[in-house]
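Note sheet for the following structure.
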Amino acid sequence: MLNEHHDHKHALHLYFQIYNLYNSTLNTENKWSHDKFLENIDVVVMGKKCFDQDMHKEYQDKEVYIATSKEIEDFENYHFINGDIVKKIEKLKNKGKNIYLFGGGILIDSFVKADVIDEYVIGIIPTILGKGIKLFYDNNTKIDLKLEYYAVEDGIVIMKYSKRK
């Protein structure tokens, strides 16, 4: 019992040391606007599971690329990619397109491993699921990030990171 209390106290102390090192107050005035973020996006990339859950409907005015293991015919602004989606999306990126990678860990992992992500926008929703798909998988190289922006609203924290050079 004493060890549990000691570890808890040490963790709190460490947290406050790190927090005070960077900032003495937490700015909660920044507000995140998903709509404003999307104004600058040309292409949305998602996995088939997200598509099947109708998450694509929000992006009807964008070109949407869906990673899938099946042969599915494109329709409207939806393009199904069976194969090397990273290569296809890199071609769009090289044409100057702003791309929003929206999906789970399996999709994201291939882009992380290819080292083609310029910014990481990560949201933390205050719910502990207890299980689920990892956002970042094992065997990735270390990527040093720099916090560019953060917003706190209704307990949700949105953080935008760029790669350190």
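The values are calculated or read from the model by the stated rules, or taken from the named source; none is laboratory data. These figures come from a predicted structure and were not determined experimentally. Note: ideal-geometry Cβ built from the backbone for every residue, glycine included; neighbour counts use all protein chains shown.
Filtering Phe102, Phe37, Phe75 for residues that are in contact (Cβ under 8 Å) with a residue 40 or more places away in the chain and farther than 29 Å from Asn139 by Cβ leaves a single hit, Phe37. Mind listing just one residue for me: the one in segment 101-143 that is in a helix (DSSP H, G or I) and not β-branched (Val, Ile, Thr) and, of those, nearest to the chain's Cα centre (by Cα)? Checking each candidate, the answer is Gly105. For Gly83, the conditions (1) closer than 23 Å to Lys134 by Cβ; (2) surrounded by fewer than 15 Cβ atoms within 10 Å (Cβ to Cβ) are fulfilled apart from (1).
Of the set (1) modelled with pLDDT of 90 or more; (2) surrounded by 15 or more Cβ atoms within 10 Å (Cβ to Cβ), all apply to Asp144 but (2). In this structure, Asn30 qualifies as in contact (Cβ under 8 Å) with a residue 12 or more places away in the chain and surrounded by fewer than 15 Cβ atoms within 10 Å (Cβ to Cβ). The set of residues from segment 47-80 being surrounded by 11 or more Cβ atoms within 10 Å (Cβ to Cβ) and either assigned to a helix (DSSP H, G or I) or among the acidic types (Asp, Glu) (or both) comprises Lys48, Lys49, Cys50, Phe51, Asp52, Met55, His56, Glu58, Tyr59, Glu63, Asp74. A Cβ distance below 8 Å, combined with a sequence gap of six or more or placement on separate chains, defines the contacts here; from segment 135-152, residues that are of a type in the set (D, E, K, R) reach residues that are not in a loop (DSSP other than H, G, I, E, B) in the pairs Asp144/Lys163; Lys146/Tyr161; Lys146/Ser162; Lys146/Lys163; Glu148/Glu119; Glu148/Lys160; Glu148/Tyr161; Glu148/Ser162.
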